Amino acid sequence: MHLSSYIFKNALLNAHKETKNSFLKDLKKAVKSIIKEEKLNINLDDLAYFDNKALYQFTIPTKNKKDRVIYTIILQTIRLVGLLHDVGHLPFSHQVEYALEKVYHSIKQEENLSKKELDFIKIYEEITENSSEVLHEAIGKQLLIILFEYEIFDLIKENDEKDLIKLIKILAIKILKNKKYKGFDFSVLHKVIDSTVDADRLDYINRDMLASGYITGPNDHIRITKEAVLVEENGKYHLCYFDMSLIDIEHMLEMRFNLYKKVIFNHGIAKTDAILENVVQYLAKKYFDKEEENYKLSDSISMLWNFAKHKDIEKRLDTISQLDENWLISLFKEEYFYIKRKKELSHEDKKYIYCFEEVLFGKRYFRSPWKNLNEFYKVLGFTTIQRYQFRESFGNITHKRRIELQDRLDNFITKWEKEDKELFFTYQIVSFKIGIEKSFSFYDGENLINIDEISTLRKRLKQSMLNTVPFYIYSNKKNMNEEMKEDLRQILFEVFDN
């Protein structure tokens, strides 16, 4: 929220006077139209509500009072969008999100679905608009609307203030959905919190580097925000940064890349993530396989998606407030002790005893036979020619190729776990993006300059990305036999050799 304020403020402060004035004029036209359409009791000539001392550090000079009011309304909207943009994250963040995505992909391939599975697909597709949106962002948009319409209104007594909140809610939704309205494209404001250089990245890169213990110099995020500038070109507004910020922005994007390559996809961290995803998928499968029965929603993994079924807003919010890590860990423990107390354990029971003990108690049963690309080649017996053949095949794996690789690894695990009742596998595919939009540009005071014209960063990161393993495979047994290695080589040749 704080960095969003700096980016927006500095983008207008650094803009040409004509650009700033036309931008505020176009915004004013859009805001006036919303006020008229929604029949809001708002007078832009006199809004004492926005005489807020806390915002003085973000004020800018404007042509008149009405422009100052428009600027302040949008500033407050962007601050709230920055504050709430990740509010839709489920417990354990991306890992549960990825697990539900895999559950959805798995069910969609089946023919005869149970009522529970059909309900899951319906809810998942309604939330993500047929899986076209990222789950946590889609949930976040819904929660933002609920928070504005239910929680905030409950705190405000004055009708005038309620109308202002309605206006900010509408503007926030238009920003998050990149709407075009009355000739104004709100996507330029969305860039503040979702682009190559945005408030979210400037915040989490430093924080995650520090939390992980990764030793590197922090990026100067405040300095970068000071280089933000709003530019108008061919009738379109662009949020970009002065060319003098290139070195700082390169450093920031390199830090983000290293965070993924060296921390998030470190073999040990990737293993914990993979096992966490596995146990969520396991609990979802158990839920689908059970006959319909009466139970409290909070006693089931299905609360991760069934919270959306509540038509009553208060009940939905009550359910959402329970969706935290403590609740999910309690479910894990309940299932773990249920399995542990069985008199006879199946192969699946034994596997998930190990999985739950890794997640809950930090025990270490699963290990990867390789930790880097060289070990990957050595374990699978790649010749020198094959190393050169495949060295530029991995890295940013396409969605289609990722699904194919995922299906083949699932088949590999099914095959070999059937062969050996004491053998258990899991895996994590290594795929991430370099995080630089094709259109990302700098401004030299006269023209927009695409990053690739003045920087080799994209090329350097792409090259570095190729030096990653395509996946880690984890097993409770130290060594794989030659047949397993041949199966994995065959998977690689069929998926990547084209």
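The values are calculated or read from the model by the stated rules, or taken from the named source; none is laboratory data. Computed from a prediction, not measured in an experiment: that's the story for all the values here. Quick reminder, even Gly has a Cβ in these numbers, built from the backbone with ideal geometry, and neighbours come from all protein chains shown. Areas reflect the complete protein model, heavy atoms only, side chains present, ligands, DNA and RNA absent. Shrake-Rupley method; radii C 1.70, N 1.55, O 1.52, S 1.80 Å.
Quick rundown of the values:
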quantity: Members of region 320-342 found to be surrounded by 12 or more Cβ atoms within 10 Å (Cβ to Cβ) and not in a helix (DSSP H, G or I), listed by number; calculated: Q322, L323, D324
quantity: Unmet requirement for Y365, which otherwise passes all of (1) within 19 Å of D487 (Cβ to Cβ); (2) touching a helix residue (DSSP H, G or I) at 6+ places or on another chain (Cβ under 8 Å); (3) open to solvent by 30 Å² or more (accessible area, probe 1.4 Å); (4) not charged (D, E, K, R); calculated: (1)
quantity: Long-range neighbours under 6 Å by Cβ, at least six apart or interchain, first residue at negative phi within region 62-85, second among the basic types (K, R); calculated: T62/R68; I70/K28
quantity: Region 142-159 - residue that is open to solvent by less than 40 Å² (accessible area, probe 1.4 Å) and assigned to a helix (DSSP H, G or I) and, of those, farthest from S93 (Cα to Cα); calculated: F148
quantity: Failed criterion for S368 (all others in (1) touching a residue at least 12 places away in the same chain (Cβ under 8 Å); (2) over 28 Å from N258 (Cα atoms) hold); calculated: (2)
quantity: Selected residue (criterion: nearest to the chain's Cα centre (by Cα)) from residues of region 277-325 that are aromatic (F, W, Y) and under 22 Å from I145 (Cβ atoms); calculated: W305
quantity: Helices (runs of 4 or more DSSP H) fully within region 242-315 counting 2 or more residues that are basic (K, R); calculated: 267-289
quantity: Inter-residue pairs, beta-carbon under 8 Å, first at pLDDT 90 or above and in region 138-160, second of a type in the set (S, T, N, Q) and surrounded by 18 or more Cβ atoms within 10 Å (Cβ to Cβ), 6+ apart; calculated: A138/T128
quantity: Members of region 148-201 found to be acidic (D, E) and within 16 Å of I73 (Cβ to Cβ), listed by number; calculated: D160, E161, D163
quantity: Neighbours by Cβ (under 6 Å, 6+ apart or cross-chain): first from region 200-215, within 23 Å of V87 (Cβ to Cβ); second of a type outside the set (K, R) and assigned to a helix (DSSP H, G or I); calculated: L202/L3; L202/H221; D203/L3; I205/M255; D208/L259
quantity: All positions within region 202-214 that are small (G, A, S) and open to solvent by 70 Å² or more (accessible area, probe 1.4 Å); calculated: A211
quantity: Flag for T384 being farther than 30 Å from I247 by Cβ, surrounded by fewer than 19 Cβ atoms within 10 Å (Cβ to Cβ), at pLDDT below 90 and not charged (D, E, K, R); calculated: no
quantity: Residue satisfying condition, being more than 20 Å from I320 (Cβ to Cβ), part of a helix (DSSP H, G or I), hydroxyl-bearing (S, T, Y) and open to solvent by 10 Å² or more (accessible area, probe 1.4 Å), within set S106, S132; calculated: S106
quantity: Conditions (1) out of contact with any helix residue (DSSP H, G or I) (no Cβ under 6 Å at 6 or more places or on another chain); (2) surrounded by 16 or more Cβ atoms within 10 Å (Cβ to Cβ); number of the one not met by G217; calculated: (2)
quantity: Extreme residue, farthest from K28 (Cα to Cα), among residues of region 185-212 that are of a type in the set (V, I, T) and outside any loop (DSSP other than H, G, I, E, B); calculated: I205
quantity: Positions within region 452-485 being modelled with pLDDT of 95 or more, open to solvent by 80 Å² or more (accessible area, probe 1.4 Å) and touching a Gly at 6+ places or on another chain (Cβ under 9 Å), in sequence order; calculated: E482
quantity: Residues of region 391-435 satisfying the condition of being of a type in the set (S, T, N, Q), part of a loop (DSSP other than H, G, I, E, B), open to solvent by 40 Å² or more (accessible area, probe 1.4 Å) and closer than 24 Å to L276 by Cβ; calculated: N396
quantity: Sole exception among (1) in a loop (DSSP other than H, G, I, E, B); (2) open to solvent by 60 Å² or more (accessible area, probe 1.4 Å) for E375, by number; calculated: (1)
quantity: Filter result for I193 (within 17 Å of the chain's Cα centre (by Cα) and either open to solvent by 10 Å² or more (accessible area, probe 1.4 Å) or within 21 Å of S245 (Cα to Cα) (or both)); calculated: yes
quantity: Residue ID - farthest from R201 (Cα to Cα), chosen from residues in region 229-269 that are surrounded by fewer than 21 Cβ atoms within 10 Å (Cβ to Cβ) and of a type in the set (G, A, S); calculated: G235
quantity: All positions within region 63-103 that are part of a helix (DSSP H, G or I) and of a type in the set (G, A, S); calculated: G82, S93, A99
quantity: Any hit, region 57-65, residues being more than 15 Å from L164 (Cα to Cα) and within 30 Å of the chain's Cα centre (by Cα); calculated: yes
quantity: Condition met for I70 (closer than 16 Å to L167 by Cα and open to solvent by less than 60 Å² (accessible area, probe 1.4 Å)); calculated: yes
quantity: Among residues of region 465-489, those that are in a helix (DSSP H, G or I) and closer than 18 Å to L423 by Cβ, counted; calculated: 7
